[in-house]
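Each reported figure results from applying straightforward, stated rules to the coordinates on display, with no laboratory input. Treat the numbers as computed from the prediction; the structure is a model and nothing was measured. Positions of Cβ are backbone-derived with ideal geometry, glycine not excepted, and every protein chain shown enters the neighbour counts.
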Amino acid sequence: MVYNHHTVKHFIHGAGSIKQAADVVKNLGGKKAFIVTDPGLAKVGVQKPLEDALTAGGVEWELFAKAELEPSMDSIQACADAAKAFGADVIIGIGGGSPLDTTKAAAVLMTNEGPIEKYFGMNLVPNACMPIMLIPTTAGTGSEFTNISVLADTKNGGKKGVVSDFMYADVVLLDAELTIGLPPRVTAMTGVDAFVHAMESFCGIAATPFTDALDLAAMKLVAGNIRQAYANGKNLKAREGMLYGSALAGMGFGQTQNGIIHAIGTTLPVECHIPHGLAMSFVGAFCVGFNYIANPEKYAIVADILRGCDRSATMSVLERAADVEAAFRALLADLDIKTGLANYGVKREDLPACADRAFAAKRLLNNNPRAASRDQILALLEANFEK
Ligand SMILES: [Fe+2]
């Protein structure tokens, strides 16, 4: 098997690094920066330190605060049109996964003819994008380190991805001070999502020694800091651990893929409006219990990381691996995240359709260490409906 490992070529990290934003723009040859975020973040001024840094450094900027939670194709076009009208030469995404995905897709349309749906699929973008800078303000999606933008296909339904190596950011800036204001509940949900990215990549079929190194470091950072970041959002050391852990997970799973947790968690009924990280949390709890027998060596390591200690001297591999579900549930309990699908508005009669959709998510299931039939998925959903 031959693997390719592509990633972001330049990233800046450190508390207060946002102050370097103007220099970054200038080094990219830019004079006019187009800032993309979402309305909720703009309202609380998450992007303000970026605006201040650009102004102080003499870089002209304009704010586009209309990134959608599930970016539609029209919203990408609107973003690109506004950036063109401004005369932007660098595009900066700041926020969670949605603004960052909007930025990457809009950057495609700055140098390639639209509409964006022409580029749904793998490496169909012909020309390099406008220079992209990405600044995550949640520690969860890892979108800043991936080459994919997930959009809502408003014409055909469902979600589609534009995947292109041209969409790797030219620069990623990781400043944990920007994540201090993230509410505890969001910190918990997005943080578990980051852990799940690293875990599904680490235990998955496409894992390599290179992704293992990234995913291991990611899991240790997230598991070692998530409780502290949840308990006290002002803990900068914990915030930094979470931000770097999420970024490392993005570097890892961006090369491999997620697995059954994302296959099931992303196909729960849309009308339940379950946030992505929340779905990954309670679905993750029962999926690790299903998966561990397929790769006990790896799940033994995951369980030890979740428990915060290496138990290899006193327990067998299988004993440690078998503890992974309880260890995962213990983390959720500390984060006040309930398990059981019924707690989130899912109805019993929804389960067969959920199983159908999850089973159709081959891109994800093909990386899962344990083969899963549609009936096994349905049985898992039923067994964990109230648990
Ligand atoms: Fe995720």
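Please list 238-245, 181-188, 155-162 highest first by mean number of surrounding beta-carbon atoms within 10 Å per residue.
Numbers: 238-245: 25.0, 181-188: 18.1, 155-162: 14.1.
The peptides rank, most packed first, as 238-245, 181-188, 155-162.
Along the charge dipole of the chain, which of Leu268, Gly14, Gln47 sits closest to the positive end, that is, farthest toward it, with unit charges on the beta carbon of Lys, Arg, Asp and Glu (+1, +1, -1, -1)?
The listed residue farthest towards the positive side: Gly14.
Can you work out the PRE-style zone for Lys32? Point 7 Å along Cα to Cβ, and I want the residues of the stretch 79-102 with backbone N under 16 Å.
Flagged as within label range: 79-92.
Take every Cα-Cα distance within the chain, group them into 10 Å bins from 0 onward, and report for each bin the whole-number percent of pairs it holds.
Final binned percentages: 5, 25, 33, 25, 10, 2, 0.
Cα centroid distance between the stretch 167-183 and the stretch 47-101, in Å?
About 14 Å separates the Cα centre of the stretch 167-183 from the one of the stretch 47-101.
Taking the Cα centre of the stretch 292-387 as origin and charging only Cβ (+1 Lys, Arg; -1 Asp, Glu), how large is the dipole, in debye to the nearest 20?
Details: 14 positive and 14 negative charges, 58 e Å.
So the dipole magnitude of the stretch 292-387 works out to roughly 280 debye.
Just for the chain, what percent of DSSP beta bridges are antiparallel, to the closest 5?
Working: 5 of 27 bridges.
Here the antiparallel bridges make up roughly 20 percent for the chain.
Nearest 20 debye, what's the magnitude of the dipole of the stretch 184-383 about its Cα centre given +1 on Lys and Arg Cβ and -1 on Asp and Glu Cβ? Provide the component values of the computation, followed by the final result.
Working: 19 positive and 19 negative charges, 67 e Å.
Approximately 320 debye in magnitude.
How far is the Cα center of the stretch 337-387 from the Cα center of the stretch 103-160, in Å?
Cα centroid to Cα centroid, the span is 28 Å.
Under a 10 Å cutoff between Cα atoms, tell me which one of Val317, Val270, Val196 has the largest fluctuation in the Gaussian network model of the chain.
Comparing Val317, Val270, Val196 in a Gaussian network model of the chain, the most mobile one is Val270.
Listing Met133, Met73 from the residue with the fewest other Cβ atoms within 10 Å to the one with the most, what is the order?
Numbers: Met133 27, Met73 19.
Fewest to most other Cβ atoms nearby, the residues stand as Met73, Met133.
At what distance in angstrom do the alpha carbon centres of the stretch 16-30 and the stretch 301-330 lie from each other?
So the two Cα centres are separated by 43 Å.
Can you compute the charge dipole magnitude of the chain about its Cα centre, using +1 on each Lys and Arg Cβ and -1 on each Asp and Glu Cβ, nothing else charged? Give it in debye, rounded to the nearest 20.
240
Using the count of nearby Cβ atoms within 10 Å as a rough guide to exposure, how do Ser316, Ser72 rank from fewest to most? Walk me through the intermediate numbers first.
Numbers: Ser316 12, Ser72 16.
Ordered by Cβ neighbours within 10 Å, fewest first: Ser316, Ser72.
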